[in-house]
1. I'd like to check something: does the range 228-238 contain any residue that is in contact with a Leu (Cβ under 6 Å, 6 or more places away or on another chain), open to solvent by 40 Å² or more (accessible area, probe 1.4 Å), more than 20 Å from Leu21 (Cβ to Cβ) and not in a helix (DSSP H, G or I)?
2. Which members of the range 27-39 meet the condition of being open to solvent by 30 Å² or more (accessible area, probe 1.4 Å) and more than 14 Å from the ligand (Cβ to nearest atom)?
3. Condition check: within 12 Å of the ligand (Cβ to nearest atom) and either closer than 30 Å to Asp4 by Cα or open to solvent by less than 30 Å² (accessible area, probe 1.4 Å) (or both). Does Gly73 satisfy that?
4. Mind telling me which of the residues Arg42, Arg63, Arg88, Arg47 ends up being within 16 Å of the ligand (Cβ to nearest atom), under 17 Å from the mean Cα position of the chain (by Cα) and surrounded by fewer than 17 Cβ atoms within 10 Å (Cβ to Cβ)?
5. Got at least one residue in the range 243-255 being surrounded by fewer than 16 Cβ atoms within 10 Å (Cβ to Cβ), under 15 Å from the mean Cα position of the chain (by Cα) and either of a type in the set (A, V, I, L, M, F, W, C) or more than 30 Å from Ala15 (Cα to Cα) (or both)?
6. I'd like to check which strands (runs of 3 or more DSSP E) are fully inside the range 107-209 and have at least 3 residues that are at pLDDT 95 or above and in contact with a helix residue (DSSP H, G or I) (Cβ under 7 Å, 6 or more places away or on another chain).
7. Before we move on, is Phe136 farther than 22 Å from Arg238 by Cβ and in contact (Cβ under 8 Å) with a residue 40 or more places away in the chain?
Amino acid sequence: MRLDTEKLRAYYSDAPEDISLGDIDLDRIPAHVSIIMDGNGRWATARGLDRSRGHVAGVDSLREAVTTSVRLGLDALSVYAFSTENWRRPQHEVDLLMHLFATTLVKELPLFHQENVRLRFLGDIDALPERTRTVFQRGLDETADHDGMTFALAVNYGSRAEIARAARQIALEAAQGLIDPAGVDERAVSERLYTAGLPDPDLLIRTSGEMRLSNYLLWQLAYTEFYVTPTLWPDFDRWEFLRAVAAFQGRSRRFGGVVAS
Ligand code: FPP
C-alpha cells in the first residue's frame, strides 16, 4: 500500500452529498480490487448511440479507475475487458474492441510511467490480432521495471479455460517427473494461473446490476467480497469507487471462521 494522503485528498475534493473520503478508513483499503466492467452497450443504446460509443466512453471510466486505484494506494487493480465468450459478438464490435485495447494502451503508457504502474495480462493473448498483441507486448516490456501498482487486464480470459490450462500444465510436469502428483496442492494450482503472484481480490465490483460471475476468476474469488452497482460502466467514477470501498469496509470478513471478539 502506497498512500500519498495529500494527493488523495486533492483527488477526492468536491465530494457529492452521500460520500466523502472521510467515510472510509485509509488503514483498511483493499489490496486488490477487481472489476467486471459491464453496461457499455446499454449506456450507448439508452442515448440512441451505437454500442461502440459505449465502449469508447468506457475507456474514460477505466482511466479514472486506474488513477483512483493508484491514489487509494491499491497493490493491484484487475479488470475484465474481454472474455473467451466475447468472440461471439458481431465482428465489427470485436474489431472495435481489439482496436480500442491497442490504441488505449499506447495512449495510456505515459500514465503508467508517471504513476509507476506495472501492466500484466490475464488470458490467452497469443490468440489476439497481431497489432493488439504487439502493443500488449510493448506495454509489458515498458512497464516491467515499475514497482508501484499492478494493473491486470483480462483479455481473451475465461476462468474455466484458465483452470484447465493449469491442470494440463501440472499433468505435463508430473508426467515428466518434475513434480510429485501427491504433492499437488492449492498453491501448485494458484502458481499456474494467469494471476500467479497476485494476491486474491479482496473486493469484486460488477457494474450494471448483473448478479453473475461470467466465468471470471472463479478460483481467485473464493473469499472475495462482492459489490454490485446498477451504475453502468461509462458512469462509474471515483465516487462510485469510494462507495464500493465504503461498502467493503462495512462487511465482516470471516474466511469461513468466526469473528474475533
Ligand atoms: C461490457 O459492456 C464491456 C465490455 C465487454 C468491454 C469492456 C471494454 C471497455 C471498458 C473499453 C476499454 C477497455 C480497455 C481495456 C481499453 P457490454 O458491451 O457487455 O454492455 P451491455 O451489457 O450493456 O451490452
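1. Going residue by residue through the range 228-238, those that are in contact with a Leu (Cβ under 6 Å, 6 or more places away or on another chain) are none.
Scanning the range 228-238, I find no residue that is in contact with a Leu (Cβ under 6 Å, 6 or more places away or on another chain), open to solvent by 40 Å² or more (accessible area, probe 1.4 Å), more than 20 Å from Leu21 (Cβ to Cβ) and not in a helix (DSSP H, G or I), so the answer is no.
2. Within the range 27-39, Asp27, Arg28, Ala31 meet the criteria.
3. no
4. Arg63
5. No; the residues of the range 243-255 include none that is surrounded by fewer than 16 Cβ atoms within 10 Å (Cβ to Cβ), under 15 Å from the mean Cα position of the chain (by Cα) and either of a type in the set (A, V, I, L, M, F, W, C) or more than 30 Å from Ala15 (Cα to Cα) (or both).
6. In the range 107-209, the matching strands (runs of 3 or more DSSP E) lie at 118-122, 150-157.
7. Judged against the criteria, Phe136 is not a match.
Condition check ((1) open to solvent by less than 30 Å² (accessible area, probe 1.4 Å); (2) within 16 Å of the ligand (Cβ to nearest atom); (3) among the charged types (D, E, K, R)) across all residues:
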| position | (1), (2), (3) |
| --- | --- |
| Glu191 | no, no, yes |
| Ala196 | no, no, no |
| Thr207 | yes, yes, no |
| Met211 | no, yes, no |
| Tyr223 | no, no, no |
| Phe226 | no, no, no |
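The values are calculated or read from the model by the stated rules, or taken from the named source; none is laboratory data. Everything quoted here is computed from the prediction, not taken from an experiment. Cβ sites come from the backbone with ideal geometry, for glycine too, and all protein chains shown count toward neighbours. Side chains included, ligands, DNA and RNA excluded: accessible areas come from the protein's heavy atoms. Shrake-Rupley method; radii C 1.70, N 1.55, O 1.52, S 1.80 Å.
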